[in-house]
Amino acid sequence: MATGAVSAPSSTVTPAGPLGTAAYQAELTRIDQVLAITSQRLTRVRAAEGLSAAMTALAQSLNTIGIRLAALTVTSRLSAVHELLQERIGVAASRLTSSAGQTEDDARCGGAPYTAQKVQRQLRADLGTALDQLARLNLRFGTTLPDPGPAPKDERPANGEILLRRGADGMGRLKITNGMAKDVAISIVADGRPPSSPQIMIYLQATKSTTVNQIGGAYRLYFKSGSDWDATHHKFRAGCTFKKFDQTFTKNQGWQVNLQPRPGGNADTTEVEAY
């Protein structure tokens with residue numbers, strides 16, 4: 001998707017300075033209208049690629065705005081907040097540019113609309129100190145920024161929590177150690193079934209262990225890792241990876257697995273498609 005050219009603020013002639021409060025507010029209002037064009041795109045994305053393109057366009061717009069602000073001269077009363085606004089706009093543009101790739105990856109597992117809301121909150125946070133200081137001087141800026149509301153509450157399950165269990169019980173037992181720095185969701189899948197239809201799914205926090213009992217029949221072991229757990233859809237919404245153990249685990253036996261690769265390990269894993 002092409003991002004398109006970003007228009008400069010409607011007034012291309014730098015006003016004579018130093019600008020007082022009223023003249024500076026007029027400039028901020030014009031700049032806000034430019035910001036609205038690209039910032040509102042974040043509310044309409046429905047695909048990972050669209051989110052990356054929207055972030056790139058917004059970063060370009062912020063850089064254009066930064067250049068415009070740098071050309072202004074303001075009164076001494078406004079100089080501190082004027083410099084702060086330029087700094088925070090630069091921070092926001094830099095973050096959008098540097099995080100676009102990872103954010104696109106996160107959108108593929110967490111969903112583009114949800115991930116776009118995280119970008120909107122981060123944009124507000126990056127500009128927040130400048131917006132607060134402007135407000136104290138009765139100046140308005142950022143009024144066009146999308147407001148996704150507060151972030152959802154942390155839904156991280158307890159270590160060893162059984163997320164779902166279905167099918168017949170058996171005599172199988174599995175001890176799992178998560179030696180990784182990320183939480184994982186383990187799917188115990190009856191042999192021949194897809195990973196999206198597990199017999200048991202269990203949550204394992206980073207660096208912790210748990211034991212699963214009463215596993216029925218032969219099974220395969222899949223695990224997905226990441227952060228920002230979605231309890232409704234049983235998935236991570238950021239930093240996702242998806243893997244499976246290559247071997248089949250036979251029924252009615254006790255097994256131990258460590259999810260951290262280490263020399264001498266005898267259980268190979270393979271990356272798989274998201275499930």
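First compute the accessible area of the chain with a 1.4 Å probe, then give the percent of it belonging to carbon and sulfur atoms.
Of the solvent-accessible surface of the chain, carbon and sulfur hold 49 percent.
With the convex hull drawn over the C-alpha atoms of the chain, the volume per residue is 142 Å³. Stick to the Cα atoms of the range 149-224, pair each with every other, and give me the Kirkwood hydrodynamic radius in Å at one decimal. One decimal place: 13.1 Å for the Kirkwood radius. Relative to the 2.2 N^0.38 Å rule of thumb, the range 160-275 has a C-alpha radius of gyration ratio of 0.97. In order along the range 137-143, phi translates into HN-Hα couplings of 9, 6, 10, 10, 7, x, 5 Hz, rounded to whole numbers, per the Karplus curve 6.51 cos²θ - 1.76 cosθ + 1.60 with θ = phi - 60° and x for Gly and Pro. Can you compute log10 of I(q)/I(0) for the range 145-192 with the Debye formula, treating each Cα as one identical point scatterer, at q = 0.22 Å⁻¹? Computed log10 I(q)/I(0) values: -1.04.
For the chain, the tally of Lys pairs with Cα-Cα distances below 20 Å comes to 24, considering only residues 8 or more apart or on different chains. Remark: the range 133-275 carries 54 Å² of accessible area per residue (probe radius 1.4 Å; ligands, DNA and RNA excluded). Scanning residues 5 or more positions from residue 208 or on other chains, those with amide H under 5 Å from its amide H are 178, with H placed 1.01 Å from N in the peptide plane. On a per residue basis, the convex hull of the C-alpha atoms belonging to the range 76-197 measures out at 165 Å³. Derived value for the range 206-262: Kirkwood hydrodynamic radius 13.4 Å. Basis is the mean of 1/r over every pair of different alpha-carbon atoms. The candidates 180, 171, 201, arranged from most to least accessible area with a 1.4 Å probe in the full protein assembly, appear as 171, 180, 201.
The values are calculated or read from the model by the stated rules, or taken from the named source; none is laboratory data. Bear in mind the structure is a predicted one, so any value in this text is a computation, not a measurement. Note: areas computed on protein heavy atoms with side chains; ligands, DNA, RNA excluded. Shrake-Rupley method; radii C 1.70, N 1.55, O 1.52, S 1.80 Å.
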